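Let me begin by presenting the structure, written as structure tokens, before commenting on it.
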Amino acid sequence: MAELKYESPQTTEAAVALLAAGGPTARVFAGGTDLMVQMHEEMIEPTLLVDIKRISETRQITFEDDYVRIGAAVTGAELGEHAELKAMWPGVVEAVELIGSYQVQGRATIGGNLCNASPAADSVPALIAAAARVVIAGPGGVRDIPVEDMPVGPGRTSLAAGEFVTSLLLPKRAERAGDAYLRFIPRTEMDIAVVGVGVSVTLNPDGTCATARMALGAVAPTARLVKAASDILVGNKLDHAVLEALAEAASDACSPIDDKRGTIVFRTKVAGVLACRAAAIAWQRAEKN
Amino acid sequence: MSNDQSTTNYRWVGKRTPRPDGVDKVTGRARYGDDMSVPGMLHCKILRSPHAHARIVSIDLSKAKALKGVKAVLTCAEIPDHPLSEPPYAPIINDMHDISRNVMAREKVLYDGHAVAAVAATSERIARAALKLIDVEYEVLPHVLDPLEAAQPGAPILNEDQFTFGDETEPKVPSNLFRSITGKRGDLEAGFAEADLIIEREFISEPVHQGYIEPLACIATTSEDGCVELWTTTQGHFVIRALCAKLLNMELAKIRVTASEIGGGFGGKNTIYGEPVAIRLSQMTGRPVRMVMTRTEVFRASGPTVGSRSKIKMGAKKDGTITAAEVDTWYQAGAFKGAPVGRAVETYFSSYKIANVRATCYDVCVNRPKVAAYRAPGAPMAAFAAEGAINELADRLGIDPIDFRLKNAVGEGDESLMGSKYGQIGLVEVLEKVKSHPHYAAPLGPNQGRGFALGYWMHGGGLSSVSAHLLDDGTVTVATGNPDIGGSRSSMRVMAAEELGIDIELIKPIVADTGSMGYSHLTAGSRTTFATGWAVVNAVREIIDKLRALAAKKWGISVDDVIWESGQAVPKKAGQDRIKPLSLKELAGMATKMGGAIAGHSEINAGGVGAAFSAQLVDVEVDPETGFVTPTRYTVVQDVGRAISPDYVEGQMQGGAVQGIGWALNEAYIYDAEGRLQNTGFLDYRMPVASDVPMIDTVLVEVPNPNHPYGVRGVGEPCLVPAPAAVANAVENAIGRTMSWLPLSPPKILQAIEELKLAAE
Ligand SMILES: Cc1cc2nc3c(=O)[nH]c(=O)nc-3n(C[C@H](O)[C@H](O)[C@H](O)COP(=O)(O)OP(=O)(O)OC[C@H]3O[C@@H](n4cnc5c(N)ncnc54)[C@H](O)[C@@H]3O)c2cc1C
């Protein structure tokens, strides 16, 4: 039986070195709410856990010139208590806050949610809709990519050996901007999205849509940006015809599976329903800003 | 002393008193199954079948045995085999032949998760690693999950030595159909001929798990003289002792079982799983062995309740008189016989006076874990079908659902289909209460529907033992042999305090081990407050008699002249005012100097159970675009006989309703094409969480059971019986069509709504 080692480096460089030396059975350890469950169920058997929570960059929320930087190991509870961020990106924050329960919120991180690469991860569609970028540190230095390029399949990311996520960048918001995230679960809490929809819009002074992004979760192997949504929304108001087109675009973008969490028919239909509802909320928020 | 009088002014009975187990539970001090550890103990892990149905060709343990830290490995070879039991079969079949095979697979594995081998090692990690070193060669066989399919000729046969019992043709080929039970009366043909409306429907319900929060766990030690001590989470340690002794061919007195604090059972902890394995491993190693199941193991290998397929036909006259009812229902028993078919027949139509009726229930084996009891075993699925059909009859005849039931309600002197005769029952009172409840008339919003259903349950009585001890300082211990699942310690204390006339705080209720008490049957069947409570009353009455005798001796008068009143001995005759009454405390202080310690005990076989009825009203709102159901209001009205501890009684009623909501809306076992269970955790086995349910209102109707000293009826089970039917009925009324297949999950409801839309176009 392999031994399990635990390290908690204080710098990004040290973490990268440990991960690079640790090989494929080394794992980043953030909140552990996915990792520990997977270890307990013997789905993975890591030999090295690199806890990134002592690296200060991963634990901070900072407002910079063009964007807000959220450390990868910031927890759902911390995001939920950040009034300024919540006011700017209510959809992203509500998505992160949907993760688990009170207890889970105190541990679960935004970076962990992304890097676990579950197609149903709640924060990811909201982050994609928000046009967020991921900052990655690795043996070759630092790079950043759009969130949608991070997951490449269920449980798989585009991270190379020795790389890990240090932070996420959210663009700063102008006036008349709003976002929203909605998911469908068969219960009210403690469940995994059967469908998730994130929508972000900015409006023109006349109330028509200036920019829009919509992303879906749990309806394909990875969360998806629905490119057609922008064409449907931009220049328009949210009337009946637009909503119908939006629902259709959402349903068309789905390529789900039948599994224990939902059927193809159900997921496809509900993606359209939630797309309209999330767009309406994002719109309302934008109008108030 | 007389039996219950409703007019009695009780000091403790019916009052809201603090729970005796509360402090330990909120501080975390209470010790559950896996909180026990013993120096030098080994950890047991069980290897489980990855196949739904396969022949075991060979098992190679050599590599596992060679792993450092592994102390013993066992297979079925270490568990004694037993012959099949012979008829007549008891209502609950505890066939050692089956139990032996369920504990450890013998010729074949019969379900995904079936135990195949077990390891005892110095750490859990080593034990888990050893499991991976066990080589099992399987010959995979076709499997069957559905009871109707399994009962057909040509279906894959699970137990090749099982022949349909009671089949007059003396079957030559084995069958998954173990037996059927029929209850009938009257002339069906004539009954249906009289009817103005006949409906025929099929209902399907899926197996659901008891979902207790504490996984199964035990620890066994064996001493050099062959005596075993077992600590386990169970609903009945005497039953665990009996089953282990029988299975392992041991003497009863050599096994001493202590029940841990229990984190829920609901019928699921009435039998043995890992206990005999831990005992055998401790015998093989001479060391204590601890076995704790994971949630995944609990789902894969411990009993859910039955799933059912029912074909029902009912007829009624325009005035609402039910003229005939007929049902065939297939219950899947899991891998071994023993679905609660008798209970199904008993409860099917037993709330109603129907002249012509037949109910037949089939006990069928399928490749799923063997079913265990679950809160009114066999009844909620029967009620789902019967109440569903009755709601449709009432609806189509344009009769109010409560009036319809009042018209057909059974009363004193009527009999259930299995011959239970009703004494004083509260059915009409319950129905009237529902009708007059504000909930019944409350307006409904858009997309909302209201559902109603009625449930009947005949609780258990049986063997209970109690030992009560008066201590020198006037405090009292009351020991029972029943694990406290739903607040029995509180009720025992209340009844003892009421009898003795002392403060409840002076009484310490405890659950004693099998070495300290007479036999006590399970904490199950809603029997404990009834039967064990009765024994408590007897035991403390014996104490009272001894105290009266002590006072008589002290005063030099006849014991017949001493009465017990408000916690003290008082001379009966007038003119004896100069004799000062002696309190329980004073007498307790004298006892050891005047003859010896004072105790009372009682070992009874309680009869005189009372039928109980629970009626439930529920409102739901359905999201027409997603099929999501929100229960918005829920009221449970139940005849509880007498609520000894109302807080607990209400808790039972609320718990039953919550479990019914889960059963109706989301809970189901999901198998893949190979028969492997896919949802082995609470994430995907969707029991309700707190935010899924509304506040459950409760209305206690108290029509005392005249047979019991305090009028008790069982309350734990009746409250689940009508719940799935009531919720389903609410969904039907919200969306405007019948729904017959539980669970009513969002995809099913959405599909139904879409079909309605298409039909309307
Ligand atoms: C009871 C319960 C309920 C849950 N409910 C939800 C829910 O509603 N919605 C939802 O989306 N999820 C849910 N989850 C899953 C989980 O909580 C979230 O995905 C959470 O955000 C994971 O964060 P973490 O910090 O705990 O990740 P960890 O478990 O620490 O890590 C997850 C994975 O990502 C990797 N990783 C973590 N951080 C980094 C990084 N910075 N760089 C590179 N790799 C990294 C780890 O190596 C690991 O493979 C639930 C989990 C539980 C136990």
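Taking each residue of region B:51-65 that is part of a loop (DSSP other than H, G, I, E, B) and looking for partners that are hydroxyl-bearing (Ser, Thr, Tyr) with beta-carbon atoms closer than 9 Å, six or more apart or interchain, yields B:His51/B:Tyr111; B:His51/B:Tyr138; B:Ala52/B:Tyr111; B:Ala52/B:Tyr671; B:His53/B:Tyr111; B:Leu61/B:Thr75. Could you please let me know if A:Gly112 is near the ligand (Cβ under 8 Å from one of its atoms) and either outside any loop (DSSP other than H, G, I, E, B) or open to solvent by less than 10 Å² (accessible area, probe 1.4 Å) (or both)? So A:Gly112 fits the description; yes.
Just one of the listed residues (A:Pro171, A:Pro186) is closer than 25 Å to A:Pro256 by Cβ and either modelled with pLDDT of 95 or more or more than 12 Å from the ligand (Cβ to nearest atom) (or both), namely A:Pro186. Scanning region A:153-164 finds one or more residues that are among the hydrophobic types (A, V, I, L, M, F, W, C), more than 14 Å from every other protein chain (Cβ to nearest Cβ) and surrounded by 19 or more Cβ atoms within 10 Å (Cβ to Cβ). Does B:Arg686 satisfy the condition of being open to solvent by less than 30 Å² (accessible area, probe 1.4 Å) and within 14 Å of chain A (Cβ to nearest Cβ)? Yes, satisfied. Of the set (1) surrounded by 17 or more Cβ atoms within 10 Å (Cβ to Cβ); (2) touching a residue at least 60 places away in the same chain (Cβ under 8 Å), all apply to B:Gly186 but (1). Within region A:132-150, the set of residues being away from the ligand (no atom under 11 Å from the Cβ), crowded, with 18+ Cβ neighbours inside 10 Å and not β-branched (Val, Ile, Thr) comprises A:Ala132, A:Arg133, A:Glu148. If only residues of region A:91-105 that are assigned to a helix (DSSP H, G or I) and more than 13 Å from the chain's Cα centre (by Cα) are counted, the one that is farthest from the ligand (Cβ to nearest atom) is A:Tyr102.
A:Glu7 meets all of the listed conditions (1) modelled with pLDDT of 95 or more; (2) within 8 Å of the ligand (Cβ to nearest atom) but one, namely (2).
Sort through B:Val618, B:Val622 and tell me the only one that's among the β-branched types (Val, Ile, Thr), more than 14 Å from chain A (Cβ to nearest Cβ) and in contact (Cβ under 8 Å) with a residue 12 or more places away in the chain. Step by step, each of B:Val618, B:Val622 is checked, and only B:Val618 is among the β-branched types (Val, Ile, Thr), more than 14 Å from chain A (Cβ to nearest Cβ) and in contact (Cβ under 8 Å) with a residue 12 or more places away in the chain.
This table checks each residue for (1) among the polar types (S, T, N, Q); (2) more than 11 Å from every other protein chain (Cβ to nearest Cβ); (3) without any contact (Cβ under 8 Å) to a residue 60 or more places away in the chain.
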| position | (1), (2), (3) |
| --- | --- |
| B:Arg642 | no, yes, no |
| B:Gly655 | no, yes, no |
| B:Ala664 | no, yes, no |
| B:Tyr669 | no, no, no |
| B:Gly681 | no, no, no |
| B:Ser691 | yes, no, yes |
| B:Asp697 | no, yes, no |
| B:Val701 | no, yes, no |
| B:Pro706 | no, yes, no |
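Residues that are under 17 Å from A:Gln284 (Cα atoms) and among the charged types (D, E, K, R): does region A:214-227 have at least one? No, there is no match, as no residue in region A:214-227 is under 17 Å from A:Gln284 (Cα atoms) and among the charged types (D, E, K, R).
Quick one: would you say A:Gly196 is within 14 Å of chain B (Cβ to nearest Cβ), in contact (Cβ under 8 Å) with a residue 40 or more places away in the chain and within 12 Å of the ligand (Cβ to nearest atom)? Spelling it out, A:Gly196 is indeed within 14 Å of chain B (Cβ to nearest Cβ), in contact (Cβ under 8 Å) with a residue 40 or more places away in the chain and within 12 Å of the ligand (Cβ to nearest atom).
Out of curiosity, is A:Arg176 more than 14 Å from every other protein chain (Cβ to nearest Cβ) and either more than 27 Å from A:Gln284 (Cβ to Cβ) or within 16 Å of the ligand (Cβ to nearest atom) (or both)?
No, not satisfied.
For A:Ala117, the conditions (1) in contact with a helix residue (DSSP H, G or I) (Cβ under 7 Å, 6 or more places away or on another chain); (2) more than 14 Å from chain B (Cβ to nearest Cβ); (3) surrounded by 19 or more Cβ atoms within 10 Å (Cβ to Cβ); (4) touching a residue at least 24 places away in the same chain (Cβ under 8 Å) are fulfilled apart from (1). Each residue in region B:668-688 was checked for being within 23 Å of the chain's Cα centre (by Cα) and either over 16 Å from A:Val194 (Cβ atoms) or not in a loop (DSSP other than H, G, I, E, B) (or both), and 6 of them qualify. Can you tell me which residue among A:Ala20, A:Ala87 is more than 9 Å from the ligand (Cβ to nearest atom), open to solvent by 50 Å² or more (accessible area, probe 1.4 Å), in contact with a Pro (Cβ under 6 Å, 6 or more places away or on another chain) and not in a loop (DSSP other than H, G, I, E, B)? Going through A:Ala20, A:Ala87 in turn, the sole match is A:Ala20. A residue that is within 21 Å of A:Leu182 (Cα to Cα), at pLDDT 95 or above and near the ligand (Cβ under 8 Å from one of its atoms) occurs somewhere in region A:76-83.
The residue that is farthest from the other protein chains (Cβ to nearest Cβ), counting only those in region A:45-56 that are under 20 Å from A:Gly23 (Cα atoms) and surrounded by 13 or more Cβ atoms within 10 Å (Cβ to Cβ), is A:Ile52. Here are some conditions: (1) of a type outside the set (Asp, Glu); (2) surrounded by fewer than 24 Cβ atoms within 10 Å (Cβ to Cβ); (3) modelled with pLDDT under 95. B:Tyr348 meets all but one. Which one does it not meet? B:Tyr348 satisfies all of (1) of a type outside the set (Asp, Glu); (2) surrounded by fewer than 24 Cβ atoms within 10 Å (Cβ to Cβ); (3) modelled with pLDDT under 95 except (2). Among the residues making up region B:158-183, a single one is surrounded by 20 or more Cβ atoms within 10 Å (Cβ to Cβ), over 21 Å from B:Val327 (Cβ atoms) and of a type in the set (A, V, I, L, M): B:Leu158. Residues of region B:320-373 that are part of a strand (DSSP E or B) and aromatic (Phe, Trp, Tyr): B:Trp330, B:Tyr331, B:Tyr352, B:Tyr362. Pairs are defined by a Cβ separation below 7 Å, a sequence spacing of at least 6 or placement on different chains, a first member in region A:251-266 that is within 10 Å of chain B (Cβ to nearest Cβ) and under 19 Å from B:Asp623 (Cα atoms), and a second member that is open to solvent by 20 Å² or more (accessible area, probe 1.4 Å) and of a type in the set (Lys, Arg); no pair meets this definition.
Residues of region B:302-319 that are out of contact with any helix residue (DSSP H, G or I) (no Cβ under 9 Å at 6 or more places or on another chain) and not in a strand (DSSP E or B): B:Ser302, B:Gly303.
The values are calculated or read from the model by the stated rules, or taken from the named source; none is laboratory data. All values reported here derive from a predicted model rather than from experimental measurement. Cβ: placed from backbone, ideal geometry, glycine included. Neighbour counts: every protein chain shown. Quick note on the areas: whole protein, heavy atoms, side chains included, nothing else; ligands and nucleic acids left out. Shrake-Rupley method; radii C 1.70, N 1.55, O 1.52, S 1.80 Å.
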